[in-house]
Each structure stands twice: as C-alpha cells, then as structure tokens.
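> I am attaching a structure below and will ask some questions about it afterwards.
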Amino acid sequence: MAQVRTRKRGKTFSYIFEAGKKSDGRRNVVEKGGFATKTQAYKAGIAAYNDYLHGNIGITSEKITLKDFMTAWLDNVVSINVKEGTLRTYCSNVTKHIARIWLT
C-alpha cells in the first residue's frame, strides 16, 4: 500500500505518494508543494491519494461527454494501474460495446 509522505522544501512543505507504475515500468509519483505547515501538506496528500484510489482523474466539468470521460479514464487511470494485456482488453471492450453509443 502506498504511503503519503511530507517533506520540507525551502520554507514550504509538500506531499508525495506513488501512484502506480507507468507502462515502461517506472514509478509514477504524485507530488505537490506550497503548503505552509506539515499538517496541511499531509491532509492535502491524504485527500489527493483518496481521489487517486477512487479514480478521480481531475475532470471537473458537469457537462462532460461519455467519450471524453472514457478516453480520460483509459489514459489517466487504467493505463497506469493495469498490465498491458488488460489495457488492450479494456480498450477493446470500450470500442466494441460503448463507442457505438457515441457513434450513433
């Protein structure tokens, strides 16, 4: 299980956690700084990690299309959390079963 860590960078604090692996096998790390205290950085890191675990991929528009959502989900969530074969299967299923909804 990933761990949210904090560190001091100059006069501010930042959080950092590992968010899966990239397709080339390297670690995908999420880091954000600029927090005044260590506690603020840790709480923001916990919230960001929770969003990551639940698939929140940063889409905030209420009027997003299914096509845009599925594309972003495959690119930003699935591709870094599953193996290559699983990703191909998901893409195939989206193309065969869901894509025809937005093609009609």
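The values are calculated or read from the model by the stated rules, or taken from the named source; none is laboratory data. Only a predicted model underlies this, so the values are computations on that prediction, with no experimental measurement involved. Positions of Cβ are generated from backbone atoms using ideal geometry, with glycine treated the same way; all protein chains shown enter the neighbour counts.
> Can you tell me which residue within the range 25-55, out of those that are in contact with a strand residue (DSSP E or B) (Cβ under 6 Å, 6 or more places away or on another chain) and hydroxyl-bearing (Ser, Thr, Tyr), is modelled with the lowest pLDDT?
52
> Within the range 4-34, track down each residue that is assigned to a strand (DSSP E or B), of a type in the set (A, V, I, L, M, F, W, C) and either under 21 Å from the mean Cα position of the chain (by Cα) or within 24 Å of residue 81 (Cβ to Cβ) (or both).
Those that are assigned to a strand (DSSP E or B), of a type in the set (A, V, I, L, M, F, W, C) and either under 21 Å from the mean Cα position of the chain (by Cα) or within 24 Å of residue 81 (Cβ to Cβ) (or both): 16, 17, 19, 29, 30.
> Let me ask you something else. Note down all Cβ pairs under 7 Å where the first residue falls in the range 74-97 and is assigned to a helix (DSSP H, G or I), the second is hydroxyl-bearing (Ser, Thr, Tyr) and surrounded by 11 or more Cβ atoms within 10 Å (Cβ to Cβ), and they're at least six residues apart or on different chains.
If the second residue must be hydroxyl-bearing (Ser, Thr, Tyr) and surrounded by 11 or more Cβ atoms within 10 Å (Cβ to Cβ), the pairs left are 74/90; 78/90; 79/23; 84/23; 87/79.
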